[in-house]
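The values are calculated or read from the model by the stated rules, or taken from the named source; none is laboratory data. Not measured: the values here are computed from a predicted model. Cβ placement follows ideal geometry from the backbone for every residue including glycine, while neighbour counts extend to all protein chains displayed.
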Amino acid sequence: MFYFDEIDGKKILKSDLIKNAQAFFTTREICICDKGVNDNKEVKNNVKIIENYLKAKLISPTQTHSANVDIALENKFDYPETDGLILTDKNLAVFLNFADCTPLIFYDERQNIGAVSHAGWRGTAQKIGQITAQKLINEYNSRPQDICVLIGPAICGKCYEVGEDVYNNFSPSPLPPLPNGANRGNIDLKEINRKQLAEVGIEKIDICPYCTCCDNKYFLSYRKENRTTLRHSAILKLY
């Protein structure tokens, strides 16, 4: 179940599914990414607040809506065209940024490793959630039954209406074809990601109830907020 906590008096969103790692989503109260302003003083201050809270340096990749997944390494800060980062080092913390797309936080308590992935429609169509999970399973000896996944705040299926060029990436499976004459349809990215994770045996999944578009109080929406450059983030730090 998701619940709000605070860092320095500013709201973050956590889930009780993950208890033995720091896994959470920032809100608009503690935004750590502004893609439009390189010298946003409030963002820089929020980064310091979270790094002090985690006692670790934050690492983030250059997201390009790919299905590329890399591993976070000490003293490496450049991860081009990367939309998933695996974390095995307790001295590091990773984060990815979102403003409608679907955040995925993975954690394997038995191995004490995890990952964060960015599943927009392109990443979801390429099954980045499955790719991330399979890397944990195949390369780090995780077992599907040990992996917990948080599907974070993202645009809901009712709000996410798309053209047939996007819709057809998911049709005829997992979505039915559009009705005759229709050129738009709705996609529930959270649910599609849940099904994709279930296909590889992951059952411990908590789905955030918040929509970034119609339930816009705490999180950012690129679609609703006129292409805002601010982002909320998914963060993971191992104990």
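Quick notes
- Residue match in region 96-108 (condition: surrounded by 17 or more Cβ atoms within 10 Å (Cβ to Cβ) and over 29 Å from L230 (Cβ atoms)): yes
- Close Cβ contacts (under 6 Å, 6 or more residues apart or on different chains) running from residues in region 23-37 that are touching a residue at least 40 places away in the same chain (Cβ under 8 Å) and surrounded by fewer than 17 Cβ atoms within 10 Å (Cβ to Cβ) to residues that are part of a loop (DSSP other than H, G, I, E, B) and not charged (D, E, K, R) comprise K35/T229; G36/T229.
- Only one of the listed residues (I137, I155) is surrounded by 11 or more Cβ atoms within 10 Å (Cβ to Cβ) and in contact with a Ser or Thr (Cβ under 9 Å, 6 or more places away or on another chain). That residue is I155.
- Within region 105-146, tally of residues that are out of contact with any Leu (no Cβ under 7 Å at 6 or more places or on another chain) and hydrophobic (A, V, I, L, M, F, W, C): 5
- Verdict on E74 being out of contact with any His (no Cβ under 6 Å at 6 or more places or on another chain) and at pLDDT below 95: yes
Results for (1) over 19 Å from G152 (Cβ atoms); (2) at pLDDT below 95; (3) not acidic (D, E), shown as yes or no for each residue.
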{"position": "E6", "(1), (2), (3)": "no, no, no"}
{"position": "D16", "(1), (2), (3)": "no, no, no"}
{"position": "K41", "(1), (2), (3)": "yes, no, yes"}
{"position": "I59", "(1), (2), (3)": "no, no, yes"}
{"position": "A67", "(1), (2), (3)": "no, no, yes"}
{"position": "D70", "(1), (2), (3)": "yes, no, no"}
{"position": "G84", "(1), (2), (3)": "no, no, yes"}
{"position": "L87", "(1), (2), (3)": "no, no, yes"}
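- Against the numbered list (1) outside any loop (DSSP other than H, G, I, E, B); (2) within 20 Å of L136 (Cα to Cα), E42 comes up short only at (2).
- Residue ranges of strands (runs of 3 or more DSSP E) in region 107-226 with at least 1 members touching a strand residue (DSSP E or B) at 6+ places or on another chain (Cβ under 8 Å), modelled with pLDDT of 95 or more and of a type in the set (S, T, N, Q): 113-119, 184-186
- Hey, I50 crowded, with 21+ Cβ neighbours inside 10 Å and over 16 Å from the mean Cα position of the chain (by Cα) or not: yes
- Hits in region 59-73 (condition: under 23 Å from N138 (Cβ atoms) and either among the small types (G, A, S) or surrounded by fewer than 17 Cβ atoms within 10 Å (Cβ to Cβ) (or both)): S66, A67, A72, L73
- Inside region 133-151, residues that are touching a helix residue (DSSP H, G or I) at 6+ places or on another chain (Cβ under 9 Å) and either farther than 16 Å from A23 by Cβ or not hydrophobic (A, V, I, L, M, F, W, C) (or both) make up a count of 4.
- Scanning region 103-122 for residues that are out of contact with any Phe, Trp or Tyr (no Cβ under 9 Å at 6 or more places or on another chain) and aromatic (F, W, Y) gives F106, Y107.
- Selection from region 53-78 of residues that are assigned to a loop (DSSP other than H, G, I, E, B) and in contact with a Ser or Thr (Cβ under 6 Å, 6 or more places away or on another chain): P61, N68
- Residues in region 69-84 that are within 17 Å of R122 (Cα to Cα), free of Cβ contacts under 8 Å to residues at least 60 places away in the same chain and in contact with a strand residue (DSSP E or B) (Cβ under 7 Å, 6 or more places away or on another chain): T82, D83, G84.
- When G181 is tested against (1) more than 13 Å from T102 (Cα to Cα); (2) in contact with a helix residue (DSSP H, G or I) (Cβ under 7 Å, 6 or more places away or on another chain), exactly one condition is not met: (2).
- So N97, is it over 26 Å from C156 (Cα atoms) and among the polar types (S, T, N, Q): no
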